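The values are calculated or read from the model by the stated rules, or taken from the named source; none is laboratory data. Source: prediction; values computed, not measured. Cβ sites come from the backbone with ideal geometry, for glycine too, and all protein chains shown count toward neighbours.
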Amino acid sequence: MIDRGEKIPFRERIEIKKRHIREFFSELRSRLKGKSVLIVCLAGVILIGILFLQNGRMISSMDKILNQAEGSVHEIYDDSKVISAYRNGDGSRLDAEDAFVLDKMTEIIDEIITDGMTDYEKEKAVYDWQQKWVTYGEEDLNPISAATDNYTPYGVLRSHNAICVGNATTFKLFMDALNIPCKIIHSTENGEHAWNVVQLDGEWYHVDVTFDGGTASRAGYAYFNVPDSIKDDGSWPWDHSEIPAANGTKYCYMLNNATECDNLYQIPEAIKKAMDDNMGFAAVTLKDRTDFNRSVADFISNSMSMENGAVYFSNAYSLGGKTVYKFEINNWNDTDDQDIPPEVTEKLTSIIDRLNGGYSEDNEEFAEEDTEDTYELTRGYK
């Protein structure tokens, strides 16, 4: 059984290092008591040098913390040593962190990968594992505590917590181990974001574990095996000369799982089903596109949002010779407010209601009049 990892708080790790330093100097004073000042100085210099060598990793970590707090770009983890050890069956030359990565990766592969799986099935098994077990860095609101190793496979496999770079490097680690061609796109022009491209049956696809959520409460797949036409929207530009064109659609999850509707009046039912299945989006195709346009799509979204959650029309994509319409979904029950004190939610609700003009009986009556006009279109799925 895969454990959920452990977390040693950053502050606790620093205190451990401080305790080691104090012990060093305490031992130094006791051993050199009564010696000449010269000997004390020489011994002190030698021991301090040894101390800095032994704590080089701590110094390096502190540098990473400061750099991250200043918004520096994360380094991309090199998994070549771990992959070589995995294929050779010998991890004896790995350092402690890479040895941990090798052991955890092997354990997970043994659990989720079975004989006879296709490359796509292996890829999806890894993707599903990350969606289930890895959450987006809950410490990302604090630039100091966020400097844990959640941007490397070591940190991800240890604490099951990741930022985008950690998700991308961990996904590539598994793909490399499974001999599935995979690359990392590291976009830094508009900030920092990282994701992957994978090759299946000779065609490349984008895979963005982070954008698809990284939580077990909702199925992702909105950015699982998508082509350039979806991912290349200008938000996170990358150097196309270094990354192969991703034009594959055969394994595009959105296309293969789009609901085929006869006409626009079946779209609300498709959205409702996606909500019931706790999906993050609904994808539909239309046999008859008569009267369907952006205004109609927005009308459906606004009507569906009244009770079921927030729905908005995202875009229309040309995939595999079909036009796929994507509706983003954010269920009201998607937010886990159990960790929020009741007085906080009560105060926030009061403030938000005031900013929205309140929700009086008069407003409710107006809303009822408005929804009567939408009932025929939404067929009761308001």
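Candidates are the residues of the stretch 66-96 that are in a helix (DSSP H, G or I) and at pLDDT below 95; the one that is nearest to Val165 (Cα to Cα) is Gln68. The residue list Phe211, Phe224 contains one member that is in contact (Cβ under 8 Å) with a residue 24 or more places away in the chain and within 20 Å of the chain's Cα centre (by Cα), which is Phe224. Output the residues belonging to the stretch 179-211 that are modelled with pLDDT under 95, crowded, with 17+ Cβ neighbours inside 10 Å and either of a type in the set (Val, Ile, Thr) or not assigned by TED's automatic domain parsing to the domain that holds Met105 (or both). The answer is Val209, Thr210.
Within the stretch 268-282, count every residue that is under 21 Å from Phe224 (Cβ atoms) and in a helix (DSSP H, G or I). Write out each step before concluding.
So in the stretch 268-282, the residues under 21 Å from Phe224 (Cβ atoms) come out as 270-271, 273-282.
Going one step further and asking which of them are in a helix (DSSP H, G or I), we end up with 270-271, 273-276.
Residues meeting the conditions: 6.
Applying the selection to the stretch 244-277, what residues are among the basic types (Lys, Arg) and either in contact with a Ser or Thr (Cβ under 8 Å, 6 or more places away or on another chain) or not assigned by TED's automatic domain parsing to the domain that holds Asp208 (or both)? Lay out the reasoning, then the answer.
Narrowing the stretch 244-277 to residues among the basic types (Lys, Arg): 250, 272-273.
The answer is Lys272, Lys273.
Looking only at residues in the stretch 283-312 that are in a strand (DSSP E or B) and modelled with pLDDT under 95, the one that is surrounded by the most Cβ atoms within 10 Å (Cβ to Cβ) is Val311. Within the stretch 78-130, the set of residues being more than 26 Å from His206 (Cα to Cα), of a type in the set (A, V, I, L, M) and surrounded by fewer than 18 Cβ atoms within 10 Å (Cβ to Cβ) comprises Leu94, Ala96, Ala99.
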